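Encoded as structure tokens, the structure appears first; notes follow it.
Read-outs: derived from the displayed coordinates by stated rules, not from any lab. Please read all numbers here as calculations on a predicted model, not as lab measurements. In this analysis, Cβ positions are derived from the backbone assuming ideal geometry, glycine residues included, and neighbour counts consider all displayed protein chains.
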Amino acid sequence: MNREEAQMVAFQLISYAGDAFSSFFKAVEKARNGEFDEADELIKKGESELTNAHNAQTELLAKEAQGKDIEYSIMLVHAQDHLMTTIMYERVAKEFITLYKEKLS
């Protein structure tokens with residue numbers, strides 16, 4: 001995989017992870033306002049985007065596992081950072097929503 005191809009995958013990762021993070025963030029805002037159905041829908045949307053990000057990451061991992069060289073760059077590191085931050089925030093967002101449901105219901 002050449003540098004250009006790797007950067008395209010990195011951009012996909014950043015885009016999908018960013019969309020997922022945004023959905024999770026909005027879900028917490030909805031839950032804080034007692035809008036739990038909307039919060040749940042945003043969580044589902046975020047999970048779907050996160051799956052897309054994982055698929056992009058899996059493409060990189062599969063190519064490397066097949067012995068293909070991948071030119072690493074700061075962009076790939078940045079993309080991985082976005083993904084890991086979003087995975088962590090997903091867990092935090094779900095906990096916050098659970099707490100808001102308990103507190104406001």
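Remark: the range 33-46, residue by residue, has Karplus-estimated 3J(HN,Hα) of 8, x, 8, 6, 4, 5, 4, 5, 5, 5, 4, 4, 4, x Hz, where x stands for each Gly or Pro and the curve is 6.51 cos²θ - 1.76 cosθ + 1.60 at θ = phi - 60°. Projecting the Cα atoms of Leu76, Thr98, Leu61 onto the dipole axis of the range 3-104, where Lys and Arg carry +1 and Asp and Glu carry -1 at the beta carbon, places Thr98 farthest toward the positive end. Here's the list of lysines a cross-link from Lys26 could span, going by alpha-carbon distance under 23 Å and ignoring same-chain residues fewer than 8 apart: Lys44, Lys45, Lys94, Lys101, Lys103. How large is log10 I(q)/I(0) at q = 0.11, 0.18, 0.22, 0.23 Å⁻¹ when the Debye formula is applied to the Cα atoms of the chain, each weighted equally and without solvent? After summing over all Cα pairs, the log10 values are -0.39, -0.77, -1.00, -1.06. Charge tally for Ser73 (other residues, Cβ to Cβ under 12 Å; Lys, Arg +1; Asp, Glu -1): -2. Helical content alone sets the calculated 222 nm signal of the chain at -31500 deg cm²/dmol, taking -39,500 (n - 2.57) per DSSP H segment of four or more residues and averaging over every residue.
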